[in-house]
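The values are calculated or read from the model by the stated rules, or taken from the named source; none is laboratory data. Keep in mind that what you see is a predicted model, and the values were worked out from it rather than measured. So basically every Cβ, Gly included, is an ideal-geometry build from the backbone, and we count neighbours across all protein chains shown. Keep in mind that these areas ignore ligands, DNA and RNA; they rest on the heavy atoms of the full protein, side chains included. Shrake-Rupley method; radii C 1.70, N 1.55, O 1.52, S 1.80 Å.
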Amino acid sequence: MVATTYSCINTETVARPAMMGRSEVETHIGVVTLNRPEVLNALNLQLVRELDQAITDYEADDSVGAVIITGAGERAFSAGADIHENRELSPEDREAGQAERAEYTWHLHTSSKPVIGAVNGLCYGGGTVLATSLDFLVGCEKTSFRFLAVNYGQMNATWSLPHLVGINRAKELLLSGREVFADEAYHIGLINHLVPSEELMERTLDIAAGIARNRVEGLANIKQLLLEHSGLPIEEQYRNEIEGRTGRFKGLSVEEGFSDFLARKGRKPRDG
């Protein structure tokens, strides 16, 4: 990864073993920690810019197979946008900042690398926008969510939440702004895994390693197709996948992909 000094986040690349067939391989996972625990990891513009840069750097690093985002401290993943900073901005700067936030959110959602949220505490407002833009979430008993925009006459996560929990549940959560605690979040599919808080990062790293062991182009291609398929008829999705295998998303042949297995069986893969 490109060496970068950050003030509002911490980054590290973690080596982690994972199984590939019967063999153990070393994988590399980028870990980004939102590091403003004194304000519950509120998302000021500097943090947004640094997070965007960190994701860009990880995307350029072919040794990194997946990225985890979590929050510093024991209380919060992120309490949302930094309202104190927002209050001090001029109307022009506030508008420019909103445009930056819009771009960084879409970058997170469309990143070529799998990006997983380890939601270590409360996740409110802009924090929920960040979290629901990621590929999936792992939570613990301290995890809770509130989609707060409705409380001040605004809206957020209308585009991302329905894909996670379904339209009816999304309507309830977005229209009420009520708190969703860990058990309910797991039950409705807002988080994929619910683990004890002391195991959150270890379990998330294990999950990420199982993803990162795969070829980076395969991961990127799957993410791209899933993004493109949203809203398309099922047959069009199917045809896109079939055409992609032999066209723009062409990867290894099946025999190339299973070369180790074939070698153990004493067979040589055919050329082509």
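Rundown of residues vs (1) among the aliphatic types (A, V, I, L, M); (2) in contact with a helix residue (DSSP H, G or I) (Cβ under 8 Å, 6 or more places away or on another chain); (3) open to solvent by less than 20 Å² (accessible area, probe 1.4 Å), yes/no style:
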position	(1), (2), (3)
46	no, no, no
54	yes, no, yes
60	yes, no, no
69	yes, yes, yes
All strands (runs of 3 or more DSSP E) inside region 22-113 with 3 or more residues being of a type outside the set (A, V, I, L, M): 23-34
Inter-residue pairs, beta-carbon under 8 Å, first within 13 Å of residue 49 (Cβ to Cβ) and in region 88-102, second in a helix (DSSP H, G or I) and open to solvent by 100 Å² or more (accessible area, probe 1.4 Å), 6+ apart: 100/49
Pick from region 166-188, criterion assigned to a helix (DSSP H, G or I), closer than 18 Å to residue 122 by Cβ and touching a residue at least 12 places away in the same chain (Cβ under 8 Å), ranking: most open to solvent (accessible area, probe 1.4 Å): 186
Answer residue from region 201-217, given it is out of contact with any helix residue (DSSP H, G or I) (no Cβ under 9 Å at 6 or more places or on another chain) and either farther than 24 Å from residue 61 by Cβ or small (Gly, Ala, Ser) (or both) and is surrounded by the most Cβ atoms within 10 Å (Cβ to Cβ) among those: 208
Of the criteria (1) open to solvent by 40 Å² or more (accessible area, probe 1.4 Å); (2) among the basic types (Lys, Arg); (3) at pLDDT 95 or above, which one residue 101 fails: (3)
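Conditions (1) over 24 Å from residue 141 (Cβ atoms); (2) in contact with a strand residue (DSSP E or B) (Cβ under 9 Å, 6 or more places away or on another chain), marked per residue:
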position: 8; (1), (2): yes, yes
position: 15; (1), (2): yes, yes
position: 28; (1), (2): yes, yes
position: 52; (1), (2): yes, no
position: 68; (1), (2): no, yes
